[in-house]
Amino acid sequence: MTTDTTRVELDAVVVGAGFSGMYMLYRLRDVLGLSARVFEAGDEVGGTWYWNRYPGARCDSESYLYCFSFDKGLAQEWTWSGKYPEQPEILRYLSHVADRFDLRRDIQFETRVTAAHFREDLDRWEIETDQGDRVLARYFITGVGCISAGQMPRIEGLDRFEGEWHHTGSWPHEGVDFAGKRVGVIGTGSSGVQAIPVIARQAGHLTVFQRTPQYTIPARHGTVTPEFLDEVKGRYDEIFEKTRWSRGGTPYDEAERSALDFDDDERRRIYEAAWEEGGFRFLLTTFGDITFDRRANDTAAEFIRSKIRETVDDPETAETLMPRDHPFASKRALIDTNYYETYNRDNVDLVDIRHAPIEEITPTGIRTREGEYELDVIVFATGYDGMTGAFNRMDIRGRGGQALREKWAEGPKAYLGLSPAGFPNMFMITGPGSPSVLSNMPPTIEQHVEFVSDFVAYMVEHGIELAEADLEAETEWVDHVNETASRTLYMLADSWYLGANIPGKPRVFMPYAGGLDVYRTKCNEVAEAGYEGYVLHAREPVAAG
Ligand code: N01
């Protein structure tokens, strides 16, 4: 970085204008009265919902829960149309939030942060962007999202493909015309299972290239009635409070009972009822031991396999779709609309690339070990360099010039998933080591943003210049995150949670599996103890919490 002194000085720089960055800006500017600027790569607010415009994109959380709770007026005035919010509707919602709180005047769009260095001589962060901005800020706060750095598989020959290709995470704003075309989709995670049924209805022919069969639960999507919304709005205080203190960020009655305490008929009746209701209730409200007891999990896995058998007409295709190599929900549980049914269509084929891997992309399609598939369009639903990818794409340096990507070479480390030791006054909203992607995101984001803004308020009030995670506290937290994960079945799948989808990425479980409720309690205790686990510096260090 240069030493020119003609740069802008602000209290805070925030990276990203999705749910996290928008609420962080509101708290810093409108609640604390600080100067703040958000840098956002897109030309509008929305974060992940700005980029993910693939067909069928919608949130797996119910709409009345996938929203901010911090402002009562906002919660009352917005009316969702669907049980699950579609991508364009979420974008409209976030645009409305930006208007309502006049956020755009402090968001600089079409600007990517390229570097953020902690200047020990100034006790400030120096931030640079691809537009040539240089800003000095006391606080450096990231709202970069957990799944924002798209992952393209390294497959020989893509540069020679003569058709169109797109990644679901950077979908063209004008859409893609599939009518009458031969389309190939690689990937059957959340994005793939949402896109495949919609593309199948539009395309001439669709070939799905599946590496790992997945468990997916019907969403039972539909519209919501005004009566339902009125009822919800009448109880929003109670609903939001229950959500805040839940494991998964929903107000559902989360099950405690064991799947093993019921006989086969009764257990099946419970699964059937949840299957009919649809969505994450199947995971959260049936049995409490599905995510950590293999025998309990097997009952859910077998139930889903029985549904695949019932739904898919061709027994061989049904067998190929049946997951057997990992427990249910050890990869992200998927929610779909007509996914398994799609394989009954005449214009859809399933290709098992676990059995016969893709060897190359040719100018006219995809060649696997067993055959060639002529294609006009290839859709890569191949996922993300999750949780750490967006950080590693920036040159972030803390004390002594230490690069964050070096600190994280063997896996991400941060106290509470918020603050990497050695990076003073840096806070990550839904960073690795926090509940983030294992819960409904908006309540998790609100918890983080409120913790950070309360912390900043405390610092201002107490004349504290810098807050820095203590290395020992960080190590203890990272050990706790690992130990919590080791008690679950998450460790038994090659998932992006573990970085297993990125060649060479260390196999470390990145989100915190202890639940939003437990995490919130821990953060509250840290705050009540004067930000225990942080070293707080005034002119001289004043306290080690
Ligand atoms: O990505 P994924 P995603 N050759 O990593 C396959 C959130 N999300 O974009 O399982 C062949 O889950 C890969 O195969 P395998 C949500 O948190 C939310 O779908 O690794 N195949 C897998 O099938 C989610 O978890 C929502 O063997 C390759 C797929 O591509 C996260 O985003 C909607 C391959 C990738 O699945 C990511 O979901 C969408 C290769 N080289 C996303 N590389 C909602 O809330 C990868 N694959 C609705």
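Of all the criteria given as (1) touching a residue at least 40 places away in the same chain (Cβ under 8 Å); (2) more than 16 Å from the ligand (Cβ to nearest atom); (3) assigned by TED's automatic domain parsing to the domain that holds residue 55, the one not satisfied by residue 432 is (2).
Checking 27, 7, 58 one by one, the residue that is open to solvent by 10 Å² or more (accessible area, probe 1.4 Å) and at pLDDT below 95 is 7 and no other.
The set of residues in region 151-169 being surrounded by 14 or more Cβ atoms within 10 Å (Cβ to Cβ) and either of a type outside the set (A, V, I, L, M) or more than 13 Å from the ligand (Cβ to nearest atom) (or both) consists of 151, 153, 157, 161, 163, 164, 165, 166, 167, 168, 169. Considering only residues in region 489-508 that are more than 14 Å from the ligand (Cβ to nearest atom) and touching a Leu at 6+ places or on another chain (Cβ under 8 Å), the one that is most open to solvent (accessible area, probe 1.4 Å) turns out to be 491.
Would you mind stating whether residue 104 is away from the ligand (no atom under 16 Å from the Cβ) and over 24 Å from residue 14 (Cα atoms)? Criteria not met by residue 104.
If you take the residues in region 170-188 that are closer than 24 Å to residue 496 by Cα and either crowded, with 23+ Cβ neighbours inside 10 Å or among the β-branched types (Val, Ile, Thr) (or both), which one is nearest to the ligand (Cβ to nearest atom)? Out of the qualifying residues, it is 187. Within region 303-326, the residues that satisfy the criterion of being over 20 Å from residue 342 (Cβ atoms) and surrounded by 13 or more Cβ atoms within 10 Å (Cβ to Cβ) are 303, 326.
Among the helices (runs of 4 or more DSSP H) confined to region 330-415, the ones with at least 1 residues that are among the polar types (S, T, N, Q) and closer than 30 Å to residue 14 by Cβ are located at 389-392.
Kindly indicate whether residue 345 is within 22 Å of residue 58 (Cβ to Cβ) and more than 27 Å from the chain's Cα centre (by Cα). Criteria met by residue 345. Just one of the listed residues (192, 187) is within 21 Å of the chain's Cα centre (by Cα) and within 20 Å of residue 371 (Cα to Cα), and it is 187.
Restricting attention to region 132-176 and to residues that are in a loop (DSSP other than H, G, I, E, B) and of a type in the set (Asp, Glu), the residue that is farthest from the chain's Cα centre (by Cα) turns out to be 162.
The values are calculated or read from the model by the stated rules, or taken from the named source; none is laboratory data. In this text the structure is predicted, and so the values were computed from the model without any measurement. In this analysis, Cβ positions are derived from the backbone assuming ideal geometry, glycine residues included, and neighbour counts consider all displayed protein chains. In case anyone asks, the SASA skips ligands and DNA or RNA and just uses the protein heavy atoms, side chains included. Shrake-Rupley method; radii C 1.70, N 1.55, O 1.52, S 1.80 Å.
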